[in-house]
Amino acid sequence: MKIDIITLFPELIETYTNNGIIGRGVENNLLKINYVNLREFSEDKHKKVDDYPYGGGPGMLLKPEPLYNAISSIKRENSYVIYLSPKGNLFTQQKAAEYASYEHIIFIVGHYEGIDQRIIDMFVDEEVSIGDYVLTSGELPALIITDAVARLIPGVLGSMESIVEESHSSNLLEYPQYTRPEEFMGHKVPEIILSGNHQKIKAWRELKSIELTIERRKDKLIDIDSKEIEKRCEKLDKIIKRG
Ligand code: 4GX
């Protein structure tokens, strides 16, 4: 897979993708990440990339010409063009999995009050938001999506990391985990975790996951019958309390 990021500040994100798990994936040629500096595509002698919005209103917009030139220089038949914007479709793990199968993704990173609508109409396949909050620019959203997508490309995660991935890929929030010591500043590890009874530990973890998901993220459970969840909890409780 190739990812192109069109931005005014490549150096702001480059260090992240050059290091860690993503950097290793790039080194192993599992993905290629390329930065396109928008300013280099300005036709203006002052390298201007922004202008005032027609009709008035606050702030500046990225002008269409530099974006047109930048996109045209990299766009291919199979490119999927994403524009980061607070009004886009919400980015989810499901979308990450979808994007991970694409051959070429182009991110357009907006600044100021966004970009000229005609660039969106001409080139953008999807407007995407990473969540309901407003950032100063689209660099972090592009980086977040790149990170979530890259780790799903086969081989990017090591075998150990992949095993963890598999055990996390349910709709439930993660159960609490503990490492040594057994007692830390008076706080003990739950007895069941130390029992060595793997069936009980598994049941306890699932029950904790369900409880936490009900408490914090009921929205993740809307497709499941609440009677089914109740029955499952009773079953897990029985396993946990078995003599
Ligand atoms: N998820 N931002 C885009 C520029 C902008 C302003 C107005 C369109 C309209 C964001 C988010 C996000 C900040 C990136 C504003 N674009 N992007 N930028 N949340 O907040 O994706």
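The values are calculated or read from the model by the stated rules, or taken from the named source; none is laboratory data. Note that the structure is a prediction, hence the values are computed from the model and not measured. Every residue, glycine as well, gets a Cβ built from its backbone with ideal geometry; the counts of neighbours run over all protein chains shown. Note: areas computed on protein heavy atoms with side chains; ligands, DNA, RNA excluded. Shrake-Rupley method; radii C 1.70, N 1.55, O 1.52, S 1.80 Å.
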(message) Restricting to the stretch 31-70, and then to whatever is at negative phi, assigned to a loop (DSSP other than H, G, I, E, B) and touching a residue at least 40 places away in the same chain (Cβ under 8 Å), can you tell me which residue is surrounded by the most Cβ atoms within 10 Å (Cβ to Cβ)?
(response) 49
(request) Give the stretch 94-111 a look and list any residue that's over 22 Å from residue 173 (Cβ atoms), open to solvent by less than 10 Å² (accessible area, probe 1.4 Å) and more than 14 Å from the ligand (Cβ to nearest atom), or say none. (result) 99, 104, 105, 106
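Rundown of residues vs (1) touching a Ser or Thr at 6+ places or on another chain (Cβ under 9 Å); (2) not in a loop (DSSP other than H, G, I, E, B), yes/no style:
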| residue | (1), (2) |
| --- | --- |
| 80 | no, yes |
| 83 | no, yes |
| 88 | yes, yes |
| 94 | no, yes |
| 97 | no, yes |
| 102 | yes, no |
| 106 | yes, yes |
| 113 | no, no |
| 122 | no, yes |
(request) Please find, among 165, 211, the residue that is out of contact with any helix residue (DSSP H, G or I) (no Cβ under 7 Å at 6 or more places or on another chain), assigned to a helix (DSSP H, G or I) and at pLDDT below 95. (result) 165
(message) Take the residues in the stretch 77-93 that are farther than 10 Å from residue 129 by Cα and of a type in the set (Ser, Thr, Tyr); name whichever of them is surrounded by the fewest Cβ atoms within 10 Å (Cβ to Cβ).
(response) 80
(request) Would you check if there is a residue in the stretch 191-202 being closer than 24 Å to residue 26 by Cα, open to solvent by less than 90 Å² (accessible area, probe 1.4 Å), more than 16 Å from the ligand (Cβ to nearest atom) and of a type in the set (Val, Ile, Thr)? (result) no
(request) Spot the failing condition for residue 137; the list is (1) closer than 21 Å to residue 66 by Cβ; (2) within 15 Å of the chain's Cα centre (by Cα); (3) within 14 Å of the ligand (Cβ to nearest atom), and only one is missed. (result) (2)
(request) Please go through the stretch 225-243 and pick out each residue that is under 15 Å from residue 198 (Cα atoms) and of a type in the set (Gly, Ala, Ser). (result) 243
(request) May I ask you to verify whether residue 222 is out of contact with any His (no Cβ under 9 Å at 6 or more places or on another chain), hydrophobic (A, V, I, L, M, F, W, C) and loosely packed, with under 10 Cβ neighbours inside 10 Å? (result) yes
(message) surrounded by fewer than 17 Cβ atoms within 10 Å (Cβ to Cβ) and of a type in the set (Phe, Trp, Tyr): is that true of residue 133 in this structure?
(response) yes
(message) Need the failing condition index for residue 223 against (1) closer than 30 Å to residue 92 by Cβ; (2) of a type outside the set (Val, Ile, Thr); (3) assigned to a helix (DSSP H, G or I), just the number.
(response) (3)
(request) Kindly check whether there is at least one residue in the stretch 171-193 that is modelled with pLDDT under 95 and at negative phi. (result) yes
(message) As an exercise: evaluate residue 128 against (1) open to solvent by 40 Å² or more (accessible area, probe 1.4 Å); (2) within 16 Å of the ligand (Cβ to nearest atom); (3) not in a helix (DSSP H, G or I) and give the number of the one condition it does not meet.
(response) (1)
